[in-house]
Amino acid sequence: MSRFKNSESALLFDYNGVIVDDEAIHEEAFRATLKKMNLSLTDDMYRDYCLGRTDADGFRALAETNLGAFKGVSIQKLVDDKGNQYRRLIKDRKVFYPGIVQTLEELSHHFKIAIVTSSHRADVAAAINNTIIPTLIQFILTAEDVINGKPDPEGYLLGAKRLGISRDCIVVVEDSMSGVLAAISAGIRCIAVKQTTSDEYLSIANMILGKTTDITTKIIERVLSDEITHE
């Protein structure tokens, strides 16, 4: 048994790119929505403006690069259309990273676990409700629960408050630069996984691992004890 008991420490997981391998689906959904406006979306644009952010913040960031094309366009309508595109594309697709459920189940024996995501609640529910994951976690915070999305720390600060656990005893697991910035800005240690983003965009994380399923109780203890490394 870990020396960090459930009541004393916790893990806050991002969702997209950490638990589910669906960033390509999100990108495709963004691209399908923008195509209706005769706009294109490159991989670099998605990474720089959308990855790790709420859909609304992603569209706002894209709008700042092309104000003329977005003039008079409702961001909320774009968000709604993108959400519909995402749920259409994800239907009947297997999106969970191999072994992720087993990893979460093992970690849940030692730590409280919650999810803090920039996704919308309906998008998360579309995949997660048919698994045992809801029984392993304390709660899910989504885009609907915050005013300011990542890289703002609001979501992780709210997660820590809801857990009732000191930020010194929490580790965030993220895959994007926006998410890592949110965690560090919240004063919470962060493990970054290279499942969607390369090292150069994750360098401020306390530890970098190849994938979420590399995380073990011993690794969490090392991070909480400030035994920091990039692997």
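Scoring F13 on the criteria (1) at pLDDT below 95; (2) of a type in the set (F, W, Y); (3) surrounded by 23 or more Cβ atoms within 10 Å (Cβ to Cβ) leaves a single failure, condition (1). Of (1) within 13 Å of L12 (Cα to Cα); (2) without any contact (Cβ under 8 Å) to a residue 40 or more places away in the chain; (3) assigned to a loop (DSSP other than H, G, I, E, B), A205 satisfies all except one. Which? Every condition holds for A205 apart from (1).
If you take the residues of region 64-104 that are small (G, A, S) and outside the structural domain of T131 (by TED's automatic domain parsing), which of them is modelled with the highest pLDDT? Let's see the steps before the verdict.
We begin by selecting, within region 64-104, every residue small (G, A, S); these are 68-69, 72, 74, 83, 99.
Now narrow it down to the ones that are outside the structural domain of T131 (by TED's automatic domain parsing): 68-69, 72, 74, 83.
Working: G68: 89, A69: 92, G72: 92, S74: 97, G83: 93.
Filtering region 64-104 for residues that are small (G, A, S) and outside the structural domain of T131 (by TED's automatic domain parsing), the one modelled with the highest pLDDT comes out as S74.
A Cβ distance below 7 Å, combined with a sequence gap of six or more or placement on separate chains, defines the contacts here; from region 145-156, residues that are in the same structural domain as I188 (by TED's automatic domain parsing) and in contact (Cβ under 8 Å) with a residue 60 or more places away in the chain reach residues that are assigned to a loop (DSSP other than H, G, I, E, B) and small (G, A, S) in the pairs G149/S118; K150/G52; K150/S118; Y156/A186. Please verify whether R162 is touching a residue at least 24 places away in the same chain (Cβ under 8 Å) and out of contact with any helix residue (DSSP H, G or I) (no Cβ under 9 Å at 6 or more places or on another chain), treating the condition exactly as stated. The answer is yes for R162.
Touching a His at 6+ places or on another chain (Cβ under 9 Å) and of a type in the set (S, T, N, Q): which single residue out of T217, T197, T212 fits that description?
Details: T197 fails: touching a His at 6+ places or on another chain (Cβ under 9 Å); T212 fails: touching a His at 6+ places or on another chain (Cβ under 9 Å).
Unique residue meeting the criteria: T217.
List, please: which pairs have Cβ atoms under 8 Å, are six or more places apart or on different chains, and start with a residue in region 108-131 that is more than 26 Å from D80 (Cα to Cα) and end with one that is surrounded by fewer than 21 Cβ atoms within 10 Å (Cβ to Cβ) and charged (D, E, K, R)? Taking only residues 6 or more apart or on different chains, the pairs are H110/K5. Here region 22-32 is the region considered, the condition is being acidic (D, E) and at pLDDT below 95, and the residue that is surrounded by the most Cβ atoms within 10 Å (Cβ to Cβ) is D22.
Here D80 fulfils each of the conditions (1) within 20 Å of D175 (Cα to Cα); (2) part of a helix (DSSP H, G or I) apart from (1). In region 209-231 there is no residue that is assigned by TED's automatic domain parsing to the domain that holds S108, within 19 Å of G155 (Cα to Cα), β-branched (V, I, T) and touching a residue at least 24 places away in the same chain (Cβ under 8 Å). Taking region 42-75 as the range and being exposed (fewer than 11 other Cβ atoms within 10 Å of the Cβ), outside any loop (DSSP other than H, G, I, E, B) and not acidic (D, E) as the test, the residues that pass are L67, G68.
Does region 144-161 contain any residue that is among the acidic types (D, E) and buried (at least 21 other Cβ atoms within 10 Å of the Cβ)?
Applying the first criterion (among the acidic types (D, E)) to region 144-161 yields 144-145, 152, 154.
Keeping just the survivors that are buried (at least 21 other Cβ atoms within 10 Å of the Cβ) gives none.
So far as region 144-161 goes, no, none of its residues is among the acidic types (D, E) and buried (at least 21 other Cβ atoms within 10 Å of the Cβ).
The set of residues from region 134-143 being more than 10 Å from I115 (Cα to Cα) and under 14 Å from the mean Cα position of the chain (by Cα) comprises just one member, A143. Would you confirm, using the coordinates I've provided, whether A61 is free of Cβ contacts under 8 Å to residues at least 40 places away in the same chain and over 14 Å from the mean Cα position of the chain (by Cα)? In short, yes.
The values are calculated or read from the model by the stated rules, or taken from the named source; none is laboratory data. None of these values were measured; they are calculated from a predicted model. All Cβ positions, glycine included, derive from the backbone under ideal geometry; neighbour counts span all protein chains shown.
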